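Novice: Please read through the structure below; I'll follow up with questions.
Any read-out appearing in this document is the output of simple, stated calculations on the displayed coordinates, not a laboratory observation. Since we're looking at a predicted model, the values are computed, not measured.
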Amino acid sequence: MGDELRRHGHTEEDLATALYRDFGTPLMAFALKLTGNDRHWAEDVVQETLIRAWRNAEKLDRNPEMLRAWLYTVARRIVID
């Protein structure tokens, strides 16, 4: 992950910050719907979703629409599991 991101001027920390900045609020709203407005559970879902994105950074499609779809799919699967 690191080499590809660094070539584009991004570090792993930058990615985590960017993901949270760009997707944290809408992802939290989505997680709240999935969890029946259980804020604690929704926060856990968002955190785990962003961790998985960070771990899979080299595989992620950087198109915002595709990235959002990936994040929402992961969040949904976390709630189901």
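Novice: Please list 3J(HN,Hα) in residue order for region 71-81, calculated via the Karplus relation 6.51 cos²θ - 1.76 cosθ + 1.60 where θ = phi - 60°; whole Hz, with x for glycine and proline.
Specialist: Result, ordered by residue: 4, 5, 5, 4, 4, 4, 5, 5, 5, 5, 5 Hz.
Novice: Pop out the ³J(HN,Hα) list for region 63-70 in order, Karplus 6.51 cos²θ - 1.76 cosθ + 1.60 with θ = phi - 60°, rounded to Hz; leave Gly and Pro as x.
Specialist: 5, x, 5, 5, 5, 4, 4, 4
Novice: Going by a ≥ b ≥ c, the root eigenvalues of the Cα gyration tensor, does region 16-81 fall in the rounded group (a/c under 1.5), the prolate group (a/b larger than b/c) or the oblate group?
Specialist: prolate
Novice: Give me a comma-separated list of calculated 3J(HN,Hα) values for region 32-38, in order, Karplus coefficients 6.51, -1.76, 1.60 applied at θ = phi - 60°, integers in Hz, x for any Gly or Pro.
Specialist: For region 32-38, the Karplus-derived couplings read 4, 5, 5, 9, x, 6, 7 Hz, x marking Gly and Pro.
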